[in-house]
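Let me begin by presenting the structure, written as C-alpha cells, before commenting on it.
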Amino acid sequence: MLYPHVKKQDPAVYKALMGEEERQRDGLELIPSENYVSKAVREANSSNLTNKYSEGYPGKRYYGGQTYTDIVENIARDRAKKLFDCKFANVQPHAGAPANVGMYFALLNPGDTVLGMDLSHGGHLTHGHPVTYLTKIYKFVRYKMKDADTGEIDYDEMREVAKREKPKIVLAGYSAYPRELDYAKFVSIAREVGALAVMDIAHIAGLIAGRAMKNPFDFGFDIMTTTTHKTLRGPRGGMILTRDNEEIAKKIDKSIFPGLQGGPLMNTIAAKAVCFGEALSPKYRTYAKQVLKNAKAMEKVFKSANIRMITGGTDSHLILADVYGSLGIGGQDAETVLDEVGITLNKNSIADDTRKPMDPSGIRFGTPAITTRGFKEKECAKVAELMIETLKNKNDKKIHRRVREDIRKMCKKFPIPDAFV
C-alpha cells in the first residue's frame, strides 16, 4: 500500500496524494521541465536525513552528528563533477532560482550588468525579467533571436550590446528555446568585454550529462547553474558548477551559505547523489539520446500538419508551437482541452507574443517524461497526432473520449518504471 501512515493519520492529504498518483499513472506528462524519478530517488528524498540540520559544508559544519551527511554530500559533489567534467560543485541550492540568485550574489555588486536572453524569446524569469526583485539590484540587458522561425540568435547585436553595456556576466540558457546555442560565440563575446560566461543548463542538464548535447564547459564557460530535476531525472533542487576556478567556487560556496540559505536539505542532497549515480550509467546515455529522437518525431508530425513551431523545430527535448496562429486556439484553451484527454503540457508565450501571458499564443511540450516511460519515435508520433486531432476538434466530446481511451491504453502499455539502472 502507498502512503499507509498518511492514510491513517491524514485522510484528506492521502486522498490528494492518491489522486496525483492516478493522474501521473494514467496520463502523459509532456511538460518539458517535469519527469519521473526512480523509486531509489524517492526513497532517498523521503529518508531520515530530513531530520538533520547541516549548516556549512562537509568537514566544516556548525552542528555535530555530521558523519553521514558529509558522506552523502561528498558523494553528490564528486558525481556531479564527473558528470559535467568540472572541478567544483555546490549541490546545496534548494532550486534553480536560488542557484541563479546565489551565483549573482557571488559574482556581482549592486548595479552591475548582466546580459541575458529576453523572456519572450525563450529566457527565464531569473535572467532579468522586470517582475523579479533581481532587477532592483542589478541591471539586466537582453538579447533576442534574429529570426523566430529559425531560432538564430542575433550574435552581432549581442556583441554590440555587450560592448556598449559592459556586463559582468554574459548569461546563456533558456526555458523555452528549442535550439542548441553557439557556445563559442558566447564565450568570445564575454572575453571581449571582460565578462564571465555563465550557462543556465536547467532544461538540458540531463542531455549534457548523457552526452546527447554539447557541454558548455568544453567551450570555455566559467560557470553553469542548473536544476536537478527536468531532464536530469532527479529530485527538485538546484546546483552550481564551476569549471576550474577555485576562487570563484569559494565565492559561490559563501554566497549559498551563509549568504542566501540556512540548512541544506540533506534528504534532497541524498536524492541528488542517487540521481547523479543513475546518470553516470551507460543506460542513461541511451535515454538522453532517445529524448532527442522522440522530440524530432513529434516535430515531424507538427511540421506535416503545417503548425508553426518557434525556431522551426527543435534540437533538444522541447517544442514551442504557435497554436493560436496555426489553429486559432489560445494557449490556455489548448492546455485545458489537452489536460481533459490526459495530456499535460503548459501554455507559453511565443516570441513577441501579442496575447497576454496567462492566455498566450503558444504551448510548450517535450519528451523527457514519456521517454522515461519507454516511448520511442513511433509512440511519440502517435501522441503528436492525438494532440493535433484534439486541438482541431476542441469541442467534440466524442473525439475527446476516444483520445482519452487511447492515452489510457498507452499508459497501461508503458507504466512508469521503478528503476532506471
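Quick one: of Lys60/Lys168; Lys82/Lys289; Lys136/Lys168; Lys230/Lys347, which pairs are farther than 25 Å apart, Cα to Cα?
Values: Lys60/Lys168 31 Å; Lys82/Lys289 19 Å; Lys136/Lys168 16 Å; Lys230/Lys347 17 Å.
From the list (Lys60/Lys168; Lys82/Lys289; Lys136/Lys168; Lys230/Lys347), the Cα-Cα distance tops 25 Å for Lys60/Lys168.
The candidate values are [x] 122; [y] 143; [z] 197; the one derived from this structure for volume of the Cα convex hull per residue in Å³ carries the label [y].
Here the label points at Ala12 and Lys409, each 7 Å from Cα along the C-beta direction, are separated by 4.1 nm in the simple model. If only the Cβ of Lys and Arg carry +1 and only the Cβ of Asp and Glu carry -1, the dipole of the chain around its Cα centre is close to 940 debye. Simple point charges give the picture: +1 on the Cβ of Lys and Arg, -1 on the Cβ of Asp and Glu, and for segment 45-182 a dipole about the Cα centre of about 620 debye.
What fraction of the DSSP beta bridges in segment 43-279 is antiparallel, stated in percent and rounded to the nearest 5? Mind dumping the intermediate values first?
Working: 12 of 27 bridges.
Within segment 43-279, antiparallel bridges account for around 45 percent of the total.
Using +1 on the beta carbon of Lys and Arg, -1 on that of Asp and Glu, and nothing else charged, what's the dipole of segment 290-413 about the Cα centre, debye to 20?
Dipole of segment 290-413, to the nearest 20 debye: 620 debye.
Extending 7 Å from the Cα toward the beta-carbon at both Lys392 and Asp26 defines two label points whose distance is 2.8 nm. Normalised by residue number, the volume inside the convex hull of the Cα atoms of segment 290-413 is 89 Å³ per residue. Straight-line cross-link partners of Lys166 among the lysines, defined as a Cα under 18 Å from its Cα and at least 8 positions apart when in the same chain: Lys139, Lys144, Lys185.
Fewest first, what order do Thr113, Thr354, Thr150, Thr126 take by the number of other Cβ atoms within 10 Å? It would help to have the intermediate numbers written out before the result.
Details: Thr113 19, Thr354 9, Thr150 13, Thr126 25.
In order of increasing Cβ crowding within 10 Å: Thr354, Thr150, Thr113, Thr126.
Simple rule: put +1 on each Lys or Arg Cβ and -1 on each Asp or Glu Cβ in segment 43-279, find the dipole, and look at Ile189, His203, Asn267; the Cα lying farthest toward the positive end is Asn267. Projecting the Cα atoms of Val337, Pro235, Ser175 onto the dipole axis of the chain, where Lys and Arg carry +1 and Asp and Glu carry -1 at the beta carbon, places Pro235 farthest toward the positive end. Here the gap between Arg285 and Glu377, fully extended at 0.36 nm per residue and compared with their Cα-Cα distance, gives a gain of 31.4 nm.
Restricting attention to segment 68-149, which trypsin sites (Lys or Arg not before Pro) occupy a DSSP loop and are surrounded by at most 14 other Cβ atoms within 10 Å? Can you show the working numbers first?
On the way: sites: Arg77, Arg79, Lys81, Lys82, Lys87, Lys136, Lys139, Arg142, Lys144, Lys146; in loops: Lys87, Lys144.
Those satisfying the criteria are Lys87.
Highest mean first, what order results for 378-387, 279-288 on Cβ atoms within 10 Å? Provide the component values of the computation, followed by the final result.
Working: 378-387: 20.6, 279-288: 17.3.
Ranking the peptides 378-387, 279-288 by packing returns 378-387, 279-288.
Measuring nothing but how far apart in sequence close Cα pairs (under 8 Å, 6+ apart) lie, relative to its length, the chain scores a relative contact order of 22 percent. For the chain, DSSP calls about 55 percent of its internal beta bridges antiparallel.
Site pair Thr336 and Glu157 shows an inter-label distance of 3.5 nm when each label is modelled 7 Å from Cα along Cα→Cβ.
Among Ser120, Ser54, the ranking by other beta carbons within 10 Å of each residue's beta carbon, starting with the fewest, stands as Ser120, Ser54.
When the Cα positions of Asn348, Leu134, Gln290 are compared along the charge dipole of the chain, Gln290 comes out farthest toward the positive end, with charges on each C-beta of Lys, Arg, Asp and Glu.
Please work out the FRET efficiency for the pair Tyr53 and Tyr133, using the Cβ-Cβ distance as r and a Förster radius of 35 Å; give the result to the nearest 0.05. Don't skip to the end; give the middle numbers.
Values: r = 27 Å, r/R0 = 0.78.
Once rounded, the FRET efficiency stands at 0.80.
Among Glu340, Glu246, a tally of other beta-carbon atoms within 10 Å of each Cβ gives an order, fewest to most, of Glu246, Glu340. Pairs of Cα atoms nearer than 8 Å and 6+ residues apart set the relative contact order; for segment 276-405 it is 27 percent.
None of the figures in this text is laboratory data; all of them are computed from the coordinates on show. As the structure is a computational prediction, the values presented were derived from the model and not from experiment. FYI the Cβ positions are ideal-geometry reconstructions off the backbone, even for glycines, and counts take in every protein chain you see.
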